[in-house]
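Accompanying notes for the structure given below.
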Amino acid sequence: MKKKVSEHLIKFLELENIDTVFGYPGAATMPLYEALRNSDINHILVRNEQSAGHMASGYARAKDTVGVCIVTSGPGATNLITGIATAYMDSIPLVIITGQVDSKSIGTDMFQEADIVGSTEPFTKHNFLVKKAEDLPKFVKEAFYLANTGRKGPVLIDLPVDIQKELIDLDYPETVDIRGYKPTYEGNIRQIKKAVKLINSSKSPLVCIGGGIASSNSRDELEEFIEKTKIPVACSLMGVDSFDNSSKYFAGLLGSHGYPYVNRALNKADLLVVIGARLADRTTSRYSFNENQSIIHIDIDPAEIGKTIKTHIPIVGDAKNVLESLNTYDFNPDWENWSDKIFQERQDYFKKALNLNININKTNPCLVVKEISDLLKDKSILTADVGQNQIWATHFYNASKSRKFFTSGGLGTMGYSLPAAIGSKIANPGSTVVAMTGEGGIQMLIGELAVLREHNLDLKVVVFNNASLGMVREMQEKIYGDECHFSTAIKFNPDFMKLTEAYDIRGVQITNNEEIKAKIKEAFSKKGPCIIECKVDPNFPTLPTKIKKLEKNINISA
Amino acid sequence: MKGERHVLAILVENYSGTLSKVAGLFTRRGYNIDSLNVAETMDQKTSRITVSVTGDEEILEQITKQLNKLVNVIKITDLTCKKSIQRELMFIKVSSTLETRNEIIQMTNVFKGKTVNISQKSITIELTGDEEKNNAFIELVKPYGVIELVRTGLTAIERS
């Protein structure tokens with residue numbers, strides 16, 4: 001039956017089981033929004049298009065599906081670029097539909113025209129400009145397939161507004177076959193056998209995990225692998241929710257904000273088993289390759305293997321499949337001393353951080369995270385922003401299951417946590433969702449508080465307010481000297497409690513450690529949105545070197 | 001960039017934007033393209049992009065892996081490692097006078113080139129060959145004065 005292309009597109013989304021889209025309307029998406037109005041798909045109106053990308057990302061991560069956003073041409077599309085790039089760096093499956101000016105006018109610098117296909121080439125797994133209505137079904141089918149298979153990622157479809165209005169008969173294809181795209185899922189069995197041999201001949205192995213475990217849903221397989229091999233597990237920011245943080249085999253976060261014992265282990269290990277991690281600079285900043293070390297690298301993307309670090313046994317495949325086949329072999333671990341030592345050092349460091357009080361009139365953010373983590377246990381999802389709050393959250397939140405901790409690991413996009421939390425909550429209404437951010441991060445996309453209130457979501461936003469762009473301030477002080485911070489001490493911040501009134505959201509303020517338990521209980525006792533502002537001293541650090549330095553000068557209260 | 005010259009034959013699906021995706025990838029990842037040419041193959045749905053790049057093995061491996069990730073890239077062949085025939089076409093416009101015209105035409109004949117245009121002050125030559133031959137010819141006619149030079153860049157095919 002002949003229908004408008006816009007109606008076909010919405011129908012195709014329904015056929016892909018999409019029940020929610022995130023977007024912002026505009027002139028170039030008018031026909032699409034008219035079709036949306038007449039469909040059962042739930043549309044969440046964001047307050048800035050960038051957030052549509054982050055919400056769709058939170059939604060996709062929490063629900064293990066593809067997140068969809070729809071925005072208009074020109075500024076709508078360019079605003080979204082940061083959202084797309086954030087998802088691209090973390091391999092999050094999104095399908096993005098952008099309206100475009102009339103196909104006949106493309107290239108004439110029309111009102112609200114932007115070459116979004118050209119601009120997003122570096123940040124999308126693939127993108128399409130629809131030039132003929134007949135191509136749409138194939139493009140949409142391929143977009144969903146590309147986004148959610150192989151190494152996942154965002155795919156963009158740019159759809160001119162005149163094509164949206166065309167009346168045409170279109171069928172949605174049932175199958176998809178792309179000549180140039182055939183991801184490898186099964187690991188090569190000879191390589192796997194070699195890996196088993198290498199693991200068994202090792203003395204001090206370390207497993208390094210990244211986002212690939214969550215992406216392939218292989219937390220259980222990893223757990224089995226670690227039970228069998230008893231190898232300590234270190235992680236990147238993307239791998240935090242892929243292993244039980246309270247396990248005696250959990251070593252912790254690697255890299256620039258990891259504690260020294262983890263990075264020492266990374267350097268001292270005679271074998272690294274890297275699974276679904278791309279070993280980017282932030283993870284390996286305190287690592288130098290040494291000749292005595294062997295590396296097994298398991299990744300679905302062959303281009304990640306050998307990109308930054310020389311690999312001895314590359315295994316291209318889906319982490320779940322590869323771990324499943326590794327688990328069929330026998331292992332004879334004899335590195336108990338090695339893993340026990342790492343575990344012991346971890347305990348020491350955590351005790352130090354939790355007991356670090358540099359100002360008794362302010363809160364220790366680590367205690368706040370721990371309190372929330374203990375309170376919520378397995379019912380929660382936590383999103384962390386970028387900056388110091390991200391590091392505190394990463395260290396002290398124990399995700400009980402996979403897909404429970406989301407942060408912008410690769411691009412480091414400030415503002416991610418609030419929209420991502422909203423997306424996660426909509427995907428997973430039964431979960432308690434917490435966004436953890438700073439007063440800098442929340443102000444990046446603060447307009448989304450309106451979305452929170454509009455949908456009355458049971459979501460708590462923790463704002464660590466240290467009147468500082470703390471992470472950069474800390475780096476400035478580390479590199480240029482203690483007094484040499486510039487533009488990172490914030491001279492004016494809004495009164496967050498008044499802001500909660502303006503948004504008609506509940507507000508709770510925690511000013512010191514004594515209040516943490518009661519105030520958190522109070523905040524979580526009632527359903528609905530709530531902002532928890534924690535006053536933090538600007539000198540409270542994330543860098544282990546700084547913690548060490550402070551230890552010497554300040555009495556640590558036990 | 002250090003390393004040797006490689007000629008990559010990239011078979012791609014013929015969609016608008018594919019060339020830009022391939023070329024953009026080189027820019028983005030910091031690889032230099034020495035030459036590039038593209039045209040349809042026998043199958044209208046595919047095109048062949050022939051790129052010559054300089055780099056060591058590690059860089060080549062990364063380029064190939066990254067190119068393979070592009071959805072519209074079907075196949076990449078490194079023709080340097082295989083037996084292949086490589087050619088480029090060039091037009092070269094050389095200053096010439098009545099006295100030098102014959103010399104230049106003779107040299108062109110030795111190089112199996114074609115004289116495609118002659119004017120009072122210049123002579124235009126079409127020459128096909130591998131890069132080395134074309135470079136040698138350029139050196140040879142340099143003393144007469146090269147007014148303009150246009151090269152297509154390498155195209156190549158595997159020997160059967």
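All of the numbers you see were taken from the coordinates with simple rules; none came from a lab. What you see is a predicted model, and the numbers here were worked out from it, not measured in a lab. A quick note on method: Cβ atoms are made from the backbone with ideal geometry, for glycine too, and the neighbour counts reach across all protein chains shown.
Taking only C-alpha pairs under 8 Å that are 6+ residues apart, what is the relative contact order of chain A in percent? Spell out each step's value before the answer.
Values: 1209 pairs, mean separation 76.1, N = 558.
It rounds to 14 percent for chain A.
Placing unit charges on the Cβ atoms of the charged side chains and taking the dipole of chain B about its Cα centre, the candidate lying farthest along the positive direction among B:107, B:138, B:23 is B:23. Contact order, relative form, for the range B:85-158: 51 percent (alpha carbon pairs under 8 Å, 6 or more residues apart, mean separation divided by residue count).
Axis angle, to the nearest 10 degrees, between helix B:98-110 and the longest C-alpha principal axis of chain B: 40 degrees. Distance from the Cα centroid of the range B:73-139 to that of the range A:445-473 is 66 Å (rounded to whole angstrom).
Judged by the gyration tensor of its Cα atoms, with axes a ≥ b ≥ c, the range A:189-343 is rounded; a/c sits under the 1.5 cut. Relative to the longest principal axis of the C-alpha atoms of chain B, give the angle of the C-alpha long axis of helix B:57-69, reported between 0 and 90° and rounded to the nearest 10°. Roughly 70 degrees, rounded to the nearest 10.
With an a/c value under 1.5 for the gyration tensor axes a ≥ b ≥ c computed over the alpha-carbon atoms, the range A:3-168 is described as rounded. On a C-alpha basis, how far is the centre of the range A:1-39 from the centre of the range A:167-199 in Å? Whole number, if you could? Distance between centres, Cα-based: 30 Å.
Please report the relative contact order for the range A:357-553, taking Cα pairs under 8 Å with a sequence separation of at least 6, and give it as a percent rounded to a whole number. Write out the running numbers ahead of the final one.
Details: 360 pairs, mean separation 49.5, N = 197.
Relative contact order comes out at 25 percent.
Within a straight-line Cα-Cα reach of under 14 Å, residue A:165 can be paired with the following aspartates and glutamates, leaving aside sequence neighbours fewer than 8 residues apart in one chain: A:7, A:34, A:102, A:134.
Taking beta carbons within 10 Å but only from partner chains, what does the mean come to for residues B:63-73?
So the per-residue partner count for this stretch is 5.
Sorted from fewest to most neighbouring beta carbons within 10 Å, what does the list B:111, A:289 look like?
Numbers: B:111 18, A:289 11.
If I rank by nearby Cβ atoms, fewest first, I get A:289, B:111.
Taking 17 Å as the straight-line reach from the Cα of residue A:193, the aspartates and glutamates in range (excluding those fewer than 8 positions away in the same chain) are A:299, A:318, A:324, A:330.
From the alpha carbon centroid of the range B:1-70 to that of the range A:307-376 is 41 Å. Three principal axis extents describe the C-alpha atoms of the range A:14-71; from largest down they are 30, 27, 13 Å.
Give, as a single signed number, the net charge of other residues whose beta carbon lies under 13 Å from the beta carbon of residue A:106, with Lys and Arg counted +1 and Asp and Glu -1.
-4
Positive end of the dipole of the protein assembly as shown, charges at C-beta (+1 Lys, Arg; -1 Asp, Glu), about the Cα centre: which of A:53, A:167, A:253 has its Cα farthest in that direction? Value computed over the given set: A:253. Ranked by how many other Cβ atoms sit within 10 Å of their own Cβ, fewest first, the residues A:431, B:160 fall in the order B:160, A:431.
The Cα atoms of chain A cover 72, 63, 43 Å along the three principal axes, with the biggest extent listed first.
Across peptide A:174-182, how many C-beta atoms of other chains are within 10 Å of each residue C-beta, on average? Don't skip to the answer; put the middle values down first.
On the way: counts 0, 0, 0, 0, 4, 10, 14, 7, 0.
Mean partner shielding for this stretch: 4.
Please give the calculated 222 nm ellipticity per residue for chain A, where each DSSP H segment of at least 4 residues contributes -39500 (n - 2.57) and the sum is spread over every residue; nearest 500 deg cm²/dmol?
On the way: 23 runs with 219 residues, N = 558.
Using -39500 (n - 2.57) per qualifying helix, the result is -11500 deg cm²/dmol.
Put in line by how crowded their Cβ is, counting other Cβ atoms within 10 Å and starting with the fewest, A:455, A:126 read A:455, A:126. Assuming charge only on the beta carbon of Lys and Arg (+1) and of Asp and Glu (-1), the dipole of the range A:189-343 about its Cα centre is about 540 debye to the nearest 20. Simple rule: put +1 on each Lys or Arg Cβ and -1 on each Asp or Glu Cβ in chain A, find the dipole, and look at A:534, A:487, A:363; the Cα lying farthest toward the positive end is A:363.
Of all DSSP-defined beta bridges confined to the protein assembly as shown, some 40% are antiparallel rather than parallel. Looking at the square roots a ≥ b ≥ c of the eigenvalues of the Cα gyration tensor of the range A:1-98, which shape do they give, rounded for a/c under 1.5, prolate if a/b is larger than b/c, or oblate? In terms of gyration-tensor shape, oblate.
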